[in-house]
Amino acid sequence: FNYRLGELGFFAHPALASEHTGDDATGNFGLLDQIAALKWVQRNVRAFGGDPAKVTVMGESAGGQDILALMAAPAAKGLFARAIVESPGGALERYPTLAQAKVRDAQTLKALNAATAEGLRKLPVQALLDAFGDRAELIIDGALLTQSPLRAFAAGSGPAIPLLIGTNSGEGSLLPPDASLDKGAVKFTPAEIEALKADYGVSDPYRLAAYVYRDAFFAGPARFAAAHWKAPAYLYRFDYVAEAMRRRRSDDAQHGSEVPFVFGTASLYARGDDDRQMMAAVHGCWVAFIKTGKPICPAAPGWTAYSAADDKLMRLTAAPSMAANPAAKPIELLRTKDPTR
């Protein structure tokens, strides 16, 4: 469903914040849009042949972050019965507080001479977008969100509903081509860098940075969420490259490349039996999860709920199977930098 994106959805200028107090003290307008939409679904889904007790929310990338936030937001409790989270990237533990966001957003817009709500509303949308660029993130406002989703899960908060969550093997495709560890936000000692090279089996600076980025900002947090979720959580790694993409892409599944397989639209470029089998597996498992709360389908049998004790996930390759987490060792190293990895 539609919701306000970017700074139009996650914005906490003091002039606007003063209009929202108490239980509504928020800059998370995009999240409020989603909650409003889910309330509409609860009121109206029966008219479309649906069951309000079986609503599933699903999001990918920034949408995946939104789903985690909805799971952690008390105001969204009871509005959905299952959650699917695909590649919820980002520094999930570093969202600003409302006070921090007010200062940040006021400073950003200082040059536009818009200090009042009326002045802000007169600004062209493009002026806001130009001022903020691509940055937009959830705000820990103390009302809608009292803490980050991962902290909420670790504390046992959130509805006891089934969760399907995972990432792709090539999330590092989001990095610029000159990426390297010395340019990253996470700093490593020479010994740690050598250990990471050994764990990943690569020495190329870009590929090393891409794998660290994947596990620090995607796979690690997804694993943490699955380990701390208080209801059954099903963890996966999508590790399949469509035949049409193999000549010009890497051998890793890039960020977002699972989406056509999820929706059953990969046939638009599927070329062989492997593509069709992969689509049947992913689409079938997602549909099974929506229907039953378990992603068990004939093409990917034996998918069990995640357990930190054995740290296994469903490896979605040409032959899907439960397997040991392939990034377990580097993720443990990354956890020494940030415990939510």
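General observations
- When residues of segment 177-202 are limited to those that are of a type in the set (Gly, Ala, Ser) and assigned to a loop (DSSP other than H, G, I, E, B), the one most open to solvent (accessible area, probe 1.4 Å): Ala185
- Within segment 258-269, if we keep just the residues that are among the hydrophobic types (A, V, I, L, M, F, W, C) and either buried (at least 19 other Cβ atoms within 10 Å of the Cβ) or free of Cβ contacts under 8 Å to residues at least 40 places away in the same chain (or both), the residue that is farthest from Pro88 (Cα to Cα) turns out to be Leu268.
- Qualifying residue in segment 270-283 (condition: under 28 Å from Val212 (Cβ atoms), in contact with a Phe, Trp or Tyr (Cβ under 9 Å, 6 or more places away or on another chain), surrounded by fewer than 18 Cβ atoms within 10 Å (Cβ to Cβ) and aliphatic (A, V, I, L, M)): no
- If the condition is being within 20 Å of Ala216 (Cβ to Cβ) and open to solvent by 20 Å² or more (accessible area, probe 1.4 Å), then segment 128-176 contributes Asp134, Arg135, Glu137, Arg151, Ala154, Ser173, Leu174, Leu175, Pro176.
- Looking only at segment 118-163, residues that are among the acidic types (Asp, Glu) and closer than 30 Å to Tyr236 by Cβ come to 2 in all.
- Residue check for Ala154: over 30 Å from Lys54 (Cα atoms) and either in contact (Cβ under 8 Å) with a residue 24 or more places away in the chain or not polar (S, T, N, Q) (or both): no
- When we screen Pro326, Pro295, Pro320 for residues that are at pLDDT 90 or above and either open to solvent by 30 Å² or more (accessible area, probe 1.4 Å) or in contact with a Ser or Thr (Cβ under 7 Å, 6 or more places away or on another chain) (or both), the only hit is Pro326.
- Search result, residues across segment 224-233 that are open to solvent by 10 Å² or more (accessible area, probe 1.4 Å) and within 11 Å of Ala83 (Cβ to Cβ): Trp229, Ala231
The values are calculated or read from the model by the stated rules, or taken from the named source; none is laboratory data. Quick caveat: nothing in here was measured; it's all calculated off a predicted structure. We place every Cβ from the backbone using ideal geometry, glycine too, and count neighbours over all the protein chains shown. These accessible areas exclude ligands, DNA and RNA; they are computed on the full protein's heavy atoms, side chains included. Shrake-Rupley method; radii C 1.70, N 1.55, O 1.52, S 1.80 Å.
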